[in-house]
Every structure is written in C-alpha cells, then in structure tokens.
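No value in this document is a laboratory result; all are computed from the given coordinates. What you see is a predicted model, and the numbers here were worked out from it, not measured in a lab. Methodologically, a virtual Cβ is constructed for each residue, glycine included, from the backbone with ideal geometry; neighbour enumeration extends over all protein chains shown.
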Amino acid sequence: MPTQAVTSPAVAPVSPGPSAALVRSVYRLEQEHDDLKARRRCLAAFLEIVDQNVKVDLRDSLPGLQLEGRHAVARFFALWRQTWESYQAVIHHLVEVAPERIVAAGRVRAIGHAGRAEASFAHLWILRRNKVLSISAYPTVERAELAAQQAGEL
C-alpha cells in the first residue's frame with residue numbers, strides 16, 4: 001500500500017526529501033523478512049543509521065519505555081523480535097515537517113507467543129546528516145507535528 005502524506009492545516013510540509021525516505025524505509029525494513037538471519041541483518045542496517053547517543057522516548061505508546069544510546073536500542077529491538085514473531089507497520093501519514101524532522105503515523109499489528117496486538121502510533125523522528133538522533137511517540141499526529149515545529153525553534 002503506498003504511503004500517503006496527509007497533513008493537518010497547521011503544518012506546511014517541506015518537499016519529501018531523503019530524510020522522509022529514510023524513515024519510510026525503516027518501517028518497511030523488518031516486515032519484509034520472515035527468517036531470523038534476514039531480521040538480524042535488518043537490525044544491523046537500522047543500527048547503522050542510528051546515532052551513538054540516540055534517544056528513544058516511546059512512553060506514550062509503551063509506558064515507561066525510554067532508551068538512550070545505540071546499545072540500549074539494540075537490546076530493546078532484540079527483545080522485541082523475541083516477543084513478536086511478526087509485525088507490520090502501516091504508515092498512513094508521513095510528513096517532513098521541516099528538514100530532518102519527520103512525523104510518521106499509522107497502525108502496527110503484531111503476532112507473538114502470547115497473542116495478537118494492534119495499536120496506532122505517531123512518531124517524531126529527528127535526524128542529522130542521515131543519522132537518527134531521536135524517536136519520540138506522541139498520542140496524536142497533531143502533537144507530534146507541534147513537537148517537530150518546536151524542535152526547530154530550539
């Protein structure tokens with residue numbers, strides 16, 4: 001399914017650039033592979049684009065989940081892959097709010113040993129020179145876009 005850029009009236013997106021394409025590719029990366037070796041290669045590819053001091057704050061979608069540093073992110077995703085046998089992230093909203101500030105939103109569906117899960121997500125990705133500096137979860141697309149705008153004002 002093609003990704004569709006839909007924005008709220010308060011946000012005037014910049015032209016989709018390499019940063020938005022990079023974020024889109026990360027969501028697609030894992031779900032295209034079923035075997036364990038391919039999934040490990042996907043994790044390695046993701047970690048190549050993550051800054052050494054990356055900050056991940058997913059408390060709005062996974063209570064208590066805050067990570068700092070590439071090694072913490074690697075441990076989290078290794079555990080994630082043990083928990084979920086398969087998952088798919090479907091992006092309904094992908095906007096580069098400003099250069100290197102991307103909001104991605106959609107739904108994730110996962111199947112694991114304990115059952116199934118489905119949830120919406122709205123993530124703000126901040127990049128610098130094609131490296132992921134931070135990923136943050138927000139309760140709504142509008143809140144993520146506002147945070148993206150504010151991040152540019154700092």
**Message:** Explain nothing, just compute: Karplus ³J(HN,Hα) = 6.51 cos²θ - 1.76 cosθ + 1.60, θ = phi - 60°, for every residue of region 79-96 in order, whole Hz, x for Gly and Pro.
**Reply:** 5, 4, 5, 6, 6, 10, 5, 8, 7, 9, 9, 10, 8, 9, 8, 9, 9, 8
**Item:** Residues SER120 and LEU79, FRET efficiency given R0 of 25 Å [Cβ-Cβ distance, rounded to 0.05]
**Value:** 0.70
**Request:** Return the distance in nm (one decimal) between the two label points of a simple spin-label model at ARG143 and SER86, each offset 7 Å from Cα along Cα→Cβ.
**Result:** 3.2 nm
**Complete:** For region 18-153 the mean separation of alpha carbon contacts under 8 Å (6+ apart) over residue count, i.e. relative contact order in percent, is 24 percent
**Request:** Determine ³J(HN,Hα), in whole Hz, for all residues of region 58-75 in sequence, where each value follows from phi through the Karplus function 6.51 cos²θ - 1.76 cosθ + 1.60 and θ = phi - 60°; x replaces Gly and Pro.
**Result:** 10, 4, 6, 10, 10, x, x, 8, 9, 10, 9, x, 4, 5, 5, 5, 4, 5
**Request:** With label points built 7 Å along Cα→Cβ from the Cα atoms of ASN53 and HIS113, find their separation and express it in nm.
**Result:** 3.7 nm
**Item:** Positive dipole terminus of region 18-153, leading residue within GLY69, PRO139, ALA38 (C-beta point charges)
**Value:** ALA38
**Request:** For region 109-116, take each phi angle, set θ = phi - 60°, evaluate the Karplus expression 6.51 cos²θ - 1.76 cosθ + 1.60, and give the result in whole Hz per residue in order, putting x for glycine and proline.
**Result:** 10, 9, 10, x, 4, 8, x, 10
